[in-house]
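Worksheet: the structure to be examined is printed underneath.
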Amino acid sequence: MKPMVAVVGRPNVGKSTLINRLAGARMAIVHDLPGVTRDRLYLDAHWIGHVFSVIDTGGIVPGDTDELLQSVAAQAQIAIEEADAILFVVDLHDGVTPIDIEIAQSLRQTKTPVFLVINKLDNPEEAWKASEFYELSLGDPYPISAMHGIGTGDLLDAVVATFPKQDEFVDPDVLKIAIVGRPNVGKSSICNSLLGEDRSIVSPISGTTRDAIDSMIKFNSKQYMLIDTAGIRRKSKVDYGVEQFAVVRALKAMERADVVVMVIDGTTGVTEQDQRIAGLADDEGKAVVVVVNKWDAVVKDEHTMVSYAEEVRKELHFIKYAQILFTSAITRKRLNMIFEAADSAAEENMRRIPTGLINQVLIEAMALNPPPTDKGRSAKMKYVPQATVKPPTFILFVNNPKLIRETYVRYLESKVRAAFGFVGTPLRMILRGREEK
């Protein structure tokens, strides 16, 4: 599992600029107006062999009654609680402000390593000004310029040195299943029903469970690990921050899991938050099973399940390849099918197709529906080997990758799925020129 680094601080101190510097891409929103960053943003960063996720937060304004600022503060607090390291960013030119002091007092209560980052050191001769920030009692400050990259190397050296060491041995015979979803959809109830005991706290109040809980279970003589990722204790009355917490919790669980079981509430249907988590599962390349919980509470007839499944696939188009199960943690109906579906999805996620077979399918697909031409030029496929698994990834060697559009790649993917199944797993189809390696 990748370590997580939270970048926090009051508005307009350069947090998003630092995120862009660490991630090597201009992906965070940067603007001179305070409060531009509204939501947490999770980006991958690399440093001397370490890969980690950076959490970009909105600005913290303690005690502010404005609803927006409260929601931003709630998200930042969530990021702080989930992080393996915290970068507290302040402004060299503003000096120590009352808000900085209040944030520092909060950060001193955490056991997570905190790095005091003095940003906007655009002139190295002004580094002496950083001494003022010892007043915050957070150790030695790190003067940097996020804009120009000054001092960021020393900062990252110190940060990665604090990362927890990962377990070297993981039993390959134990299938790890992450139960993910937005708060209050019944994740803990499903875990408890499967385990036959109350291993996770269950409450109608969303966000009861604070930490992920791993539980071992045997089903049909096979061992499984269930990773329950229920929400967080409510830190404020701002629902927005609590809802968004499901994303970071789901992301961490997905990285550890072999299979993602995404739970949605059958009584409310698919929400925007569900779509966001589904997109993460696809991005991570994990095997996925969708579980529609609380099905006992849905008014239905003989056509309800079919029409509901079609709607779920439409709304969760990121993972429309996933098997959909309709269950109830209360009645336990079809609940054990989760293990069978997880096994099947995991096998598909690890499946390999011989090069000859995949080439035959794609050659027929291109003959049936040739790719569009561009100024008389047409794409010709040379061969398609499978590069890897988890997820199954195919390299399409063609004469000119620019001649094949994304829509045509999706067409080819549909033909591969029609021929070989791959139910429950994403596929990756990567275009390469014939001379590219």
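Bear in mind these aren't lab numbers, they're just calculated from the coordinates by the rules spelled out. For clarity, every value in this text was computed on a predicted model and none was experimentally measured. Here Cβ is always computed from backbone atoms with ideal geometry, including for glycine, and neighbour counts include all displayed protein chains.
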Residue-span extension gain [residue 351 to residue 309] - 0.36 nm each, minus C-alpha spacing: 12.6 nm
Residue 276 paired with residue 405, simple spin-label distance in nm, labels 7 Å along Cα-to-beta-carbon: 3.1
Cross-link pairs beyond the 32 Å C-alpha cut-off, checked among 294/320; 165/218; 111/222; 252/300: 111/222; 252/300
Share of alpha-carbon pairs per 10 Å distance bin for the stretch 324-437, given as whole %: 13, 39, 25, 13, 7, 2, 0
The stretch 256-303 - Debye-derived log10 I(q)/I(0), Cα point model, q = 0.18, 0.25, 0.26, 0.30 Å⁻¹: -0.62, -0.93, -0.96, -1.12
Full-extension gain in nm, residue 300 to residue 330, via 0.36 nm per residue minus C-alpha separation: 9.1 nm
Using a Förster distance of 25 Å, the FRET efficiency for residue 157-residue 135 (Cβ separation, nearest 0.05): 0.50
More than 13 angstrom apart: percent of Cα pairs within the stretch 81-129: 60
For the stretch 372-437, diffusion coefficient by Stokes-Einstein and Kirkwood Rh (Cα), 25 °C, 0.890 mPa s, µm²/s: 195
Loop sites in the stretch 291-333: GluC sites (Glu not before Pro), DSSP, at most 13 other Cβ within 10 Å: 302
Interatomic Cα distance distribution for the stretch 243-402, bins of 5 angstrom, percent: 1, 8, 14, 16, 16, 13, 11, 9, 7, 4, 1, 0, 0
Under the Debye formula (equal points on every Cα, no solvent term), log10 I(q)/I(0) of the stretch 290-339 at q = 0.20 Å⁻¹: -0.71
Nonlocal amide H pairs with residue 147, under 5 Å, H built at 1.01 Å: 120
